[in-house]
Amino acid sequence: IVVGARRDSLGPGAAAAGVGTGLLLELARLFAAISRDGFQLRRTLLFVSWDGAEFGHLGATEWLEGYPNLLHTKVAAYLSLDQAVLGDDRFIAKSSPLLVPLLEEALSQV
């Protein structure tokens, strides 16, 4: 599972990348800490920080072009932290239709 966030910012939306990057770093720190305590995930997590989002997502594009076999054989899902915190108190998720049952199950437990 790839968890990613863009880190570049231009113009008035500069805070958006900061929020995603902050969440990415905190999630990586949290999963490292619980792994040291013996917790084992069922899937590998790969935390990535993209540059070049304002220029056609160049960072993500270059990474994907460099690792096509990894993408097609190992990656089960991509979780984007871009614009992860916006608006009011409603939860809104956008996903592949295949992930909708998983999201609904997870939300029913909250």
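Laboratory data are not the source of any read-out in this text; all were calculated from the coordinates shown. No experiment lies behind these values; they were computed from the predicted model shown. Counting neighbours? That spans all protein chains shown, and the Cβs are built from the backbone with ideal geometry, glycine included.
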Inset, instruction - Being of a type in the set (Lys, Arg) and assigned to a helix (DSSP H, G or I) is the filter; apply it to the stretch 20-55 and report the residue that is surrounded by the fewest Cβ atoms within 10 Å (Cβ to Cβ). - result: Arg36
Legend entry - One residue from Arg43, Arg90 being over 14 Å from the mean Cα position of the chain (by Cα) and touching a residue at least 24 places away in the same chain (Cβ under 8 Å): Arg43
Legend entry - Residue in the stretch 72-110 that is surrounded by the most Cβ atoms within 10 Å (Cβ to Cβ), counting only those that are polar (S, T, N, Q) and under 23 Å from Leu25 (Cα atoms): Ser80
Inset, instruction - Answer yes or no: is there a residue in the stretch 58-70 that is within 22 Å of Leu25 (Cβ to Cβ), in contact (Cβ under 8 Å) with a residue 24 or more places away in the chain and assigned to a loop (DSSP other than H, G, I, E, B). - result: no
